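Report on one structure; see the data block that follows.
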Amino acid sequence: MTVRYEKHGSTALVTLDRPDKLNALTLSMYDELALAFDTARDDAAVAAVVLTGAGRAFCVGADLTESIPALAQGRFDISAWDGAHQKHTRLFKPVICAINGLALGGGFEIMLSTDLRIASTEARFGLPEPGVGVVPAGGTLARLTRQISYARAMELLLLAEPLDARTALEFGLINRVVAPDEVLDRAMRWAEHLATLSGNALAVIKRAVHQLSDMPLDAAFHAEALYGQQAFAAPDAHEGLRAFTRRETPEFPSRQQD
């Protein structure tokens, strides 16, 4: 397996593990990554996912000797990779991307599918697809202008020039830039913190943000109220309010395992 899945307490650590090829994604790796996300989704003991790469790269995208030719020859549709790109996702747990090095092409696209992003000072980001006559269709054409400004997005998409970590932070692509030896540790600490919060509340937040972003504002407000009521009526809210009034640490039902 070139995508490793490990449990560390309540955190699922998913590692792209093909360091000699800068974690370029083979056809099987796309399937393995989709399976890893599904495994984390279906494991009630998992509170958050940390996604990273082995070696000096996060991921440089699809393997140019296998995956890209398979697409170019029409052997399958790019939608076969939807699970790896978290399109139409049902994983409503936080996914943290620990970007330890290069995040290019498909690696950049997978990063865009995550919720929180911590990058090394040595990380580099880019969408080089136009230079080889293709386009970043792993979610980026739909996601990028929803996540950062139109002008910044088009700069990335059209110029196909790489960005350093500080510029990526300025663009709003990532949350933090830290020293290389701190990337994974910071991501794991964030995951541990998330496990202390209401799993139900986090799931409602992520689901709502995904589903409300394209609605007309009035419809979105109505749907938001429904999501809010769902959270307020849930057992986690009852426990959170009980603990707050008694100045105790809440023991959320969503975090209790039989």
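The values are calculated or read from the model by the stated rules, or taken from the named source; none is laboratory data. Here the structure is a predicted model, which means the values were calculated and not measured. Here the Cβ positions follow ideal geometry from the backbone for every residue, glycine too, while neighbour counts run over all protein chains shown. The protein model used for the area step is the full one, side chains on, heavy atoms only, and it has no ligands, DNA or RNA in it. Shrake-Rupley method; radii C 1.70, N 1.55, O 1.52, S 1.80 Å.
Brief remarks on what is shown
- Carbon and sulfur %, accessible surface of the chain computed with the full protein complex present, 1.4 Å: 56 percent
- Note on K7: aspartates and glutamates with a C-alpha under 18 Å away, same-chain residues under 8 apart excluded, are D17, E32, D38, D42, D43, D185, E192, D258.
- Crossing angle, helix 235-245 versus the chain [Cα axis fit, 0-90 degrees, rounded to tens]: 60 degrees
- Residue-count net charge about L102 - beta-carbon cut-off 12 Å; Lys, Arg +1, Asp, Glu -1: +1
- Sorting R90, R117 on solvent-accessible area from highest to lowest, probe radius 1.4 Å, gives R90, R117.
- The distance separating the Cα centre of the stretch 182-258 from that of the stretch 112-136 comes to 29 Å.
- Averaging the Cα positions of each part gives two centres, and for the stretch 1-20 and the stretch 37-84 these lie 12 Å apart.
- Solvent-accessible surface ranking, highest first, for E66, E251, E239 at 1.4 angstrom: E251, E66, E239
- Ranked by solvent-accessible area (1.4 Å probe, protein heavy atoms only, all chains present), the residues T26, T196 order from largest to smallest as T196, T26.
- Degrees, to the nearest 10: 27-42 long Cα axis against longest axis of the chain: 0 degrees
- Computed accessible area, D185, all protein chains, 1.4 angstrom probe, square angstrom: 80 Å²
- The trypsin sites (Lys or Arg not before Pro) of the stretch 193-258 meeting both criteria, a DSSP state outside H, G, I, E and B (loop) and at most 10 other C-beta atoms within 10 angstrom of the site's C-beta, are R246, R247.
- Computed from Cα positions, the angle between helix 150-159 and the longest principal axis of the chain comes to roughly 30 degrees.
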